[in-house]
Structure formats: C-alpha cells, structure tokens
Amino acid sequence: MSTNTNELLEIRNLRTSFRIKDTYYPAVDNVSLTLRKNEILAIVGESGCGKSTLATSIVGLHNSINTKVEGEILYNNQNLVNLTDTQFNKLRGNDIGFIFQDPLSALNPLMRIGEQIEEGLVYHTKLNKTQRENRVLELLDQVGIPNVQRVAKQFPHQLSGGMRQRVMIAIALSGKPAIIIADEPTTALDVTIQAQILDLLKTLQDEIQSGIILITHDLGVVAEVADRVAVMYAGEVIEEASVVELFRNPKHPYTRSLLKSIPQTNSENEQLEVIQGMVPSLVKLPRQGCRFSSRIPWIPQSAHEENPELHEVAPGHLVRCTCWKEFHFEDEEGSVNQ
Amino acid sequence: MSFMQVEDLKVHYPIRGGFFNTVVDHVYAVDGVTMEFERGKTYGLVGESGSGKSTTGKAIIGLEKITSGRIIYEGEEVTNARRKRDSAYNRDIQMIFQDSHSSMNPKKRVLDILAEPIRNFLKLSPQEERKRINELLAIVGMSEDVLLKYPHEFSGGQKQRLGIARAVACNPKMIIADEPVSALDLSVQAQVLNFMKDIQEQYGISYLFISHDLGVVRHMCDNISIMYKGRFVETGKREDIYTNPKHIYTNRLLSAIPDIEPETRNERKLERQKVEAAYREEQHKYYDEDGKVYPLKSISDTHKVAMSVDEKERV
C-alpha cells in the first residue's frame, strides 16, 4: 500500500489512447484519481467522455494492439499498467471485482448460476468442492436472493433483471475484493429495482469495507450513494469534490449546466438548460486549451487557461481551468458581450 | 372537451402450447384501460418494464390488434377499423419512437424521410413540399444543409429531433411518444424535451408521453397514469400523483426515484425501506386474489385510485 494506509488505488496521469489509422487518440487523458478505503467514488459524465474506458483500463481489459495505456495505476505498490495477462488474472476477481452494466450479456447463458460464481473461487481460493458450494450459497444469500439452493441451479435467463444484477454482484464479491468497479450497474433496471441494488451495494460495502468506483451518467444515483465525485468531460476530469460540495457548490460550467438540465421537481414549466453544440469526436478533440470552451462561446477566451490545470478551490474540491470564475449562463446577465 | 376517448382497451396475447398447439392461456398485456385526451395537454403513462405502457400506445395508434374495447376519435369509432391509408385518424395521430435510428430507413435521405408523411397525406406541389420540409427543420432547429444526409450521419439527439419533425409534418392532433428521451444523454434530453414543449405551445398538440422516468414525466405531463400489470393503479393531475399518492404501488415508485439532494439521502433511504416493507405486508389489500389491480374509483374530480369495494367505504 502507498504512503497513506487509507489509499487503496492511486491513478496518476493515466492516458488511454485508441489507434485510428496509425495515430493514437487519447480517450482518457491525464487522469489522476485516488480511491480510498471504504469509499464510493463516482465517475460521472455523458456518453463518450471516457468513463468506461477508464474503468476497463484499471482492470486491463484493453487489447494491446489497438490501445496504448500510459501512466501509473498503483495498487499494493505495483503498477497495474505494466502487468501481463497472467499477473492480471491473479488480481481480477480476487482483489478487484467488476460489475458490468448488462448482466445478461456478462453472464454465460449456458452455465448455471452456481457454477459461474464458483468459477472465481476455483482460481483464487484453495477451498474444496463442498466448501466452494457452501460459499456460493452464502454469497447468494448475502446479495439478498431468496431460495438460494434453487437459484444456484438455474440459468441466467430464468432470473429477472434485478436478480441477474445481484448475481453479478455476488460474482464480484466472491474474492472479497478490496476494490469493486461498478460500470453503470443500475442503468438497465427499473427505478424500484435500482433503489434496491444501490441500497445493497451500500450495505455490502459497510460489511466488507472495500472501495467502490461507481461509473454512471445518472446524477440522481450519484447523489444517493457516492462519497466523492469526479466529473469527466472529453477524457479529462474537470471537477472533483465530495458529493455534498459538488451538488451544493458546483463550480465548473459543465457541472453547473448538467445540474441545470435535470428535469427537477421545482422547474415544472420552465425550459431546461441545454448545452450548446456537442461533444467533439475523439479525432477532432482540441488538444490545446479548455476543452469545454467551444460549448460556452459567450465566455471570452481570456477567461480560459492556455493549459488548463486542476486547481484546488476549497479543501478537496478541484476544478479544471479558470473559466468558472467568469462563467454565467447565456440567458443571465452579461450575455451582451457574446 | 376531449377529442378522443379510449374505453376499456384490452390487448391480450394468446399463449399456445400443448396438443394441437391450442391456446392455453393469455398474456394480459393491456387489461382494461380507459383514457380521455384533450387538446394541448400532455398525458403521462408510467410503469415498470412489462407493465403494458408501450402496448397501450401501440394499440391506440393501430400497431397492435385490439382484443376488446373502443377508441373513439372525434365521435367516430376507429378501433381495428379498416382505414384508408390517408384517413384523418392516421394523419392526426403520429408517433415518436424510442430508438429513432431504427425507426428511419437507412437508405433514405432526410429529405425523403421528412417528405414521406407529407406525400402520403397532403397533396402538395414539389415546391410547397420543399418549403414545408424547410419549415419543419426550422421548428426543430436544424439547418437546411442536412437535407441530403443519411440518418447514420446524425447524433442521437439530432435523430430524435428529426423523428419529432417527421411526426409534426402533417399538423397532427396527437403524438404518441414512446420513451422519446430514455436513450439520450442528460443535456441532449433537455434539448429534445424543450423542443417538444415548444411545439406543443405553438401547435396545440396533445402528447401521450410513455416513460419510466418519473422525473421527466413530472416535468412534461399535466395528467399522469401509473400502470401495473396492464391496468391503471392511479390516475390524476400531476399534483394529485406527486403530492397526494393514494395507492401503495405509486408510493413505492415515487420513493424509489433518486433525488439530487445528497444531504437528505439517509432519511430517504429509511423512508424507502419503510414503504418497501409496507408494500410487502399490505399488498394483498391493494390487489385482488389473482394479483390483479382493482377497478378505478374516483376520490376527487381529477384523481382516481384502484381500490376494492370495502376500501371505498373506508375512504
């Protein structure tokens, strides 16, 4: 473990680039994040901002032919970026659990639920067959599945969406991981089931004290479970703060616009905030200056930094670029100088 | 005055099996839905997956065969009717689909996609048609240089806007929007919802807004119906549903919506668990022996709740 015992995972200057016609384009650019023990770190952003690429980089799911991962991901004094597949196999499922968005395509349709959970135990533990079977039932029980004996013998298609996601969580938990990465774990579920799964994640985390990286696009989910939040835009972290600070005191124009575009209780007949333009594609992304500047053209160029850095504006609250100081919404005062 | 009524709409799918592949049972996808539509209003249809909300929408527009019940449009019955392709009903009721990409012919250009309803229903000269298409693009905030592009060249939000433009091409009276924004990002979703509201104000269109997102429904709809197993459990004005929910299922659904208030999340969690426990214990009171929802009873002018006969007496 690194200097501070509370730090589980430290990501430093991570850059994951994809090859498109012999040029590498970074989808995750210069991201530094720390995951502490017993903490839920949410990574929020819209599609294409690089949040899932970040998650898959941590567990080494990228193909080395078309993808280049640079930087450092420190876990237990080893840099995960340089690991070989054999070394990774020891970590995945044991130290790091992964929960995928769509449990139906992540589970093997031809294997019984019990066998799928057992698979990880075969590789990572020295338990014998009976012990493993007992552990499987224990795990299923832990994630709140009724009739564990029967469910262990069923196939994924026989379960409902919520139950399947619970099975995914049971698989992720099977190695008692220090880190769980949950990539949009509730996006495919109904709200009532979503609430149950989120409550379950939170309860389980209290039990096993692991750190969770929760990747989501839903700010409501973030407000319900996260402790700290990192907002990503176009491959960069543009704001990082504790959850209360982020919702009470958002600074970056992107975060503020996003929060204003949620259809909310008290804005029933108002117009929702719309962010002008769209996320530039990976190839066309500007490599210089503030990446958000093209979407807030009414803010003068002088407000942006030339090479935007993360600045600490309050303890633990980081904001990229300086444009937030002069930012106002277009329809607010000051829009004349557009 | 309502211009369209749906009376006791039922859509049942047969389940075949056994010897000679006979009908052994039915799936009661929509099981007795009654609605009325007024001009310029938005009607929300909310429910979990499998509750029959999309089937209701499809049955109304004529994409599903109706088992029983009636749809009356401006005094004329249009249920399962053999209609002429250019009948008034087909012209006046339009649909926006969830997945706008698969609802557009990939081999057609935007020009032809938008022209199709115009060519079907309105007799316009080529010049007038072109003028109308340009108007439509202006309504959804797109420039004229998209006309010769193909659907795959657009982003999800743009495609959804083209879907809206296509739906409003013939000045419809009602648009059935089946999860129009659930595949979109937050900021794009905001844009599409704003367009839908603008168009409604300008042209007095009614919407049947089908969604599972209670936040979006609250933002958009005047009247909301909550659906469960093919029936309505509660229907009423927006305020009726959100401030005074009566049915335990509505309560459960409302308590499960994530809120963007991180300070009060622990209270909300306790509240949610309380409602969930109450739902498990008391749900037999709210559903009949077969697990079906009771018929709706009025508790005020606008607010109707499904309840059994003896419960009616208690209220």
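The values are calculated or read from the model by the stated rules, or taken from the named source; none is laboratory data. Everything numeric in this text was worked out from a predicted model, so none of it was measured. Quick reminder, even Gly has a Cβ in these numbers, built from the backbone with ideal geometry, and neighbours come from all protein chains shown.
Counting only strands (runs of 3 or more DSSP E) that fall entirely inside the stretch B:13-99 and contain at least 3 residues that are in contact with a helix residue (DSSP H, G or I) (Cβ under 9 Å, 6 or more places away or on another chain) and within 19 Å of B:Glu234 (Cβ to Cβ), the qualifying elements are B:22-38, B:42-46. Could we say that B:Lys285 is within 14 Å of another protein chain (Cβ to nearest Cβ) and in a helix (DSSP H, G or I) here? Answer is no for this residue. Would you confirm whether or not the stretch A:13-25 contains a residue that is in a strand (DSSP E or B), of a type in the set (Asp, Glu) and not assigned by TED's automatic domain parsing to the domain that holds A:Pro286? No. Within the stretch A:33-73, the set of residues being among the aliphatic types (A, V, I, L, M) and farther than 25 Å from A:Val225 by Cα comprises A:Leu61, A:Ile65, A:Val69. When the stretch A:153-181 is filtered for residues that are over 19 Å from A:Leu198 (Cα atoms) and touching a strand residue (DSSP E or B) at 6+ places or on another chain (Cβ under 8 Å), only A:Gly175 remains. Whenever a residue of the stretch A:70-86 is β-branched (Val, Ile, Thr), its partners that are part of a helix (DSSP H, G or I), lying with C-beta atoms within less than 7 angstrom and at least six residues away or across chains, give the pairs A:Ile73/A:Ile58; A:Ile73/A:Leu80; A:Ile73/A:Val81. Of all residues assigned to the stretch A:281-296, none qualifies as being closer than 28 Å to A:Glu39 by Cα, buried (at least 18 other Cβ atoms within 10 Å of the Cβ) and either of a type outside the set (Phe, Trp, Tyr) or more than 7 Å from chain B (Cβ to nearest Cβ) (or both). Restricting B:Val140, B:Val78 to those that are modelled with pLDDT under 90, under 24 Å from B:Ser211 (Cα atoms), hydrophobic (A, V, I, L, M, F, W, C) and within 26 Å of the chain's Cα centre (by Cα) reduces the list to B:Val140. Residues in the stretch A:142-182 that are part of a loop (DSSP other than H, G, I, E, B) and within 25 Å of the chain's Cα centre (by Cα): A:Val143, A:Gly144, A:Ser160, A:Ser174, A:Gly175, A:Lys176, A:Pro177, A:Ala178. Here A:Asn94 passes the criteria (1) in a helix (DSSP H, G or I); (2) crowded, with 17+ Cβ neighbours inside 10 Å except the one numbered (1).
If you go through the stretch B:209-249 and keep only what is within 11 Å of chain A (Cβ to nearest Cβ), within 16 Å of the chain's Cα centre (by Cα) and under 22 Å from A:Gly220 (Cα atoms), you end up with B:Ser211, B:His212, B:Asp213, B:Leu214, B:Gly215, B:Val216, B:Val217, B:Arg218, B:His219, B:Met220, B:Cys221, B:Arg238. Note on the stretch A:282-308: residues that are in a loop (DSSP other than H, G, I, E, B) and in contact (Cβ under 8 Å) with a residue 12 or more places away in the chain total 18.
Counting only residues that are surrounded by 15 or more Cβ atoms within 10 Å (Cβ to Cβ), at pLDDT 90 or above and not acidic (Asp, Glu), how many does the stretch A:108-124 have? Residues flagged as surrounded by 15 or more Cβ atoms within 10 Å (Cβ to Cβ), at pLDDT 90 or above and not acidic (Asp, Glu) within the stretch A:108-124 amount to 6. Checking the structure you have, find out if any residue of the stretch B:280-299 is modelled with pLDDT of 85 or more, polar (S, T, N, Q) and more than 24 Å from the chain's Cα centre (by Cα). No, the stretch B:280-299 has no match at all.
Tell me, please, whether a residue that is within 10 Å of another protein chain (Cβ to nearest Cβ) and of a type in the set (Gly, Ala, Ser) can be found in the stretch A:251-258. Yes, the conditions are met somewhere in the stretch A:251-258. Against the test of being more than 9 Å from chain B (Cβ to nearest Cβ), without any contact (Cβ under 8 Å) to a residue 40 or more places away in the chain and surrounded by fewer than 18 Cβ atoms within 10 Å (Cβ to Cβ), the options A:Ile197, A:Ile208 yield a single qualifying residue, A:Ile208.
Just one of the numbered conditions (1) part of a loop (DSSP other than H, G, I, E, B); (2) buried (at least 21 other Cβ atoms within 10 Å of the Cβ) is not true of A:Ala223: (1). Residue under question is A:Ile171, and the condition is that it be without any contact (Cβ under 8 Å) to a residue 60 or more places away in the chain and crowded, with 21+ Cβ neighbours inside 10 Å; does it hold? Against the criterion (without any contact (Cβ under 8 Å) to a residue 60 or more places away in the chain and crowded, with 21+ Cβ neighbours inside 10 Å), A:Ile171 does not qualify.
Filter the stretch B:250-272 down to the residues that are crowded, with 17+ Cβ neighbours inside 10 Å and of a type in the set (Ser, Thr, Tyr), then identify the one that is nearest to the other protein chains (Cβ to nearest Cβ). Selected residue: B:Ser255. Scanning the stretch B:16-32 for residues that are under 31 Å from the mean Cα position of the chain (by Cα) and β-branched (Val, Ile, Thr) turns up B:Val23, B:Val24, B:Val27, B:Val30. Hey, any hits in the stretch A:237-247 for a residue that's in a strand (DSSP E or B), surrounded by fewer than 22 Cβ atoms within 10 Å (Cβ to Cβ) and either facing chain B (nearest Cβ under 8 Å) or touching a Gly at 6+ places or on another chain (Cβ under 9 Å) (or both)? Looking through the stretch A:237-247, at least one residue is in a strand (DSSP E or B), surrounded by fewer than 22 Cβ atoms within 10 Å (Cβ to Cβ) and either facing chain B (nearest Cβ under 8 Å) or touching a Gly at 6+ places or on another chain (Cβ under 9 Å) (or both). Checked against (1) touching a Ser or Thr at 6+ places or on another chain (Cβ under 6 Å); (2) within 14 Å of chain B (Cβ to nearest Cβ), A:Gly120 passes all but a single condition, namely (2).
So, in the stretch A:268-280, exactly how many residues are at pLDDT below 80, over 24 Å from the mean Cα position of the chain (by Cα) and within 7 Å of another protein chain (Cβ to nearest Cβ)?
The qualifying residues number 2.
Looking across B:Ile15, B:Ile66, one residue alone is touching a residue at least 24 places away in the same chain (Cβ under 8 Å) and under 30 Å from A:Val191 (Cα atoms). It is B:Ile66.
If you go through the stretch A:174-194 one residue at a time, how many are among the small types (Gly, Ala, Ser) and either crowded, with 23+ Cβ neighbours inside 10 Å or within 14 Å of chain B (Cβ to nearest Cβ) (or both)? Counting residues in the stretch A:174-194 that are among the small types (Gly, Ala, Ser) and either crowded, with 23+ Cβ neighbours inside 10 Å or within 14 Å of chain B (Cβ to nearest Cβ) (or both) gives 3. Suppose we keep only residues that are touching a strand residue (DSSP E or B) at 6+ places or on another chain (Cβ under 6 Å) and outside any loop (DSSP other than H, G, I, E, B) within the stretch B:298-310. Which one would you say is surrounded by the fewest Cβ atoms within 10 Å (Cβ to Cβ)? Selected residue: B:Ser298. Contact map, the stretch A:215-231: residues that are facing chain B (nearest Cβ under 8 Å) paired with residues that are surrounded by fewer than 23 Cβ atoms within 10 Å (Cβ to Cβ) and acidic (Asp, Glu), Cβ distance under 8 Å, separation 6+ or inter-chain. Pairs shown: A:His217/A:Glu46; A:His217/A:Glu184; A:Gly220/B:Asp259; A:Ala223/B:Asp259; A:Ala223/B:Glu261; A:Glu224/B:Asp259.
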